[in-house]
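J.: Structure incoming, see below.
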Amino acid sequence: RLNGSSSRPPRRTLTRGGRMNLPHLAGSILLVGLSWLQCGAARHAVNGAASGASEVRSESSTGISTSVSLQRRSVKQRQSSGTAVVHKTAYFGLLNVGNPKQEFLVVFDTGSGNLVIPGDDCRSEACIAHRRFSQTDSDSASQVSCDGEFGSQDQKYDEVTITFGTGEIWGRCLQDQICIGTVCSRGSFIAATYESANPFKLFAFDGVLGLALINMSQGPDFNLMDRLGHSRTLRQPLFSVFLSDDDSSVSEVSFGEVKEERLASDLVWASVARDSGYWEVQMDDVTLDDHPQQLCIDCYAAVDTGTSELAGPSEVIAVLGDKLNVKEDCSNFHLLPKLGFIVAGHILNLQPRDYVDREGGRCSVALMPLDVPPPNGPLFVFGIPFLQRFYTVYDTDSRRIGFGVAKHSQKVSENLRERLISLHATKGKAGNRRKFQGHLRA
């Protein structure tokens, strides 16, 4: 196939997520944002740590829950301007496929909808540099079309092409046992038959487990949470994500439960705003020190564990850059305001250290311009800098997202109190006012 054989089965083209065509978003997210990951020494270190990763299982009369530890890797990347330095971070953990189990390191990605791992018939450099799934070594593997239909093993099936900005993957579709922690289900996935060297050869992880809503997947059988929901395997039809910002706490993705010990506040729930397949919510505006800026009225924000940065419409990011006025020599760093986003009647605040990159006495705003055309845009993306500050819960049955202040070790409580602010409209003699109320737990 890689030599241009005319017998290649038909392929349909997807963006990173699946069905929604967002080429600009695909060019900015996970596989471009994380292309700095080195495969050699970094992968060796990750594998050593991951082998001891904890997988916690809880059972009840109505289902089970499980948590998978995530490994964190951060590096510095100099921007094309040559002066500003951006810190990029990735989180990934273990997943097993097949019988007997074959182990893979994957990003648990809320911005895509399919499991994608290299297949053993992939001979490209990027695939050879990673673990590859062997269909012949699994007693339970079956080939399916990429629409999820079954057929004989010798039947020719279509393939999919998944574009990731500067990179591309071709893949065929299989079905087999897929296990996260102690939870297993039989489902369909994409086994890559080709991966472009740039950027996939550089990655320390093998693949991506898409956790987006079903509209982002090839079909119901490709969507992990949809399968687990129909089988009533989990205690609750949801998963939650805790991303630590240092090595003192273990990051984890939990299926079937909310980890109360990871929360420093109550949860604030926001409904999924549209049927794009993304976990996206309505965002009413951007705030500076809790004051609305009238910059992005009725925008949308996608909550994306696979994006290494905060992103937003280029015009809004440009205005924010002017308003923030971050001095390159960091001389006004201690005077910078909180940067907030109004969601579900609450301000979700970031402190300057969350949105400013500091390196070698230089400071720069760590906000990436991203223009998604209507009707899907304008769109913000709440990436890893946001998710390190907020514990997030993804409820597939109720189609809603929960936001709570993440409880990290050695954090000052008065700073946490400013993270999540409730907006209550009151009316008095002076007219409409806004009342601020923190949600910090005792």
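The values are calculated or read from the model by the stated rules, or taken from the named source; none is laboratory data. Remember, it's a predicted structure, so these values are computed and weren't measured experimentally. Don't worry about glycine lacking a Cβ; one is built from the backbone with ideal geometry, like all the others, and counts go over all protein chains shown. For the accessible areas, the whole protein counts, side chains as well, though only heavy atoms, and no ligand, DNA or RNA atoms are used. Shrake-Rupley method; radii C 1.70, N 1.55, O 1.52, S 1.80 Å.
J.: Per residue, how large is the accessible surface of the stretch 217-286? Use a 1.4 angstrom probe and give square angstrom. Don't skip to the answer; put the middle values down first.
T.: Numbers: 2400 Å² over 70 residues.
So the stretch 217-286 comes to 34 Å² accessible per residue, rounded to a whole number.
J.: Given an 8 Å cut-off on Cα distances and at least 6 residues of separation, report the relative contact order of the stretch 271-374 as a percent.
T.: 29
J.: Another one. With +1 on each Lys and Arg Cβ and -1 on each Asp and Glu Cβ, how big is the dipole of the stretch 215-333 about its Cα centre, in debye rounded to the nearest 20?
T.: 560
J.: Please name which of TYR300, THR287, VAL316 has its Cα lying farthest along the dipole of the stretch 270-317 towards the positive end, using unit charges on Cβ (Lys, Arg +1; Asp, Glu -1) and the Cα centre as origin.
T.: Of the candidates, TYR300 comes out farthest on the positive side.
J.: For a 29 Å ceiling on Cα separation, which of these pairs sit above it: LYS201/LYS338; LYS88/LYS338; LYS259/LYS327; LYS201/LYS259; LYS88/LYS259; LYS88/LYS407?
T.: Beyond 29 Å between Cα atoms: LYS201/LYS338; LYS259/LYS327; LYS201/LYS259.
J.: If you don't mind, there's one more thing I want to ask. From the protein chains alone at 1.4 Å, what is the descending order of accessible area for HIS291, HIS346, HIS334, largest first? Don't skip to the answer; put the middle values down first.
T.: Working: HIS291 110, HIS346 25, HIS334 145 Å².
So the residues, ranked largest to smallest area, are HIS334, HIS291, HIS346.
J.: Then there is this: Kirkwood hydrodynamic radius of the stretch 278-386 from all distinct Cα pairs, in Å?
T.: Roughly 14.0 Å, rounded to one decimal.
J.: So what is the accessible area of the stretch 289-345 per residue, in Å², with the probe set to 1.4 Å?
T.: With all protein chains present, the stretch 289-345 gives 41 Å² per residue.
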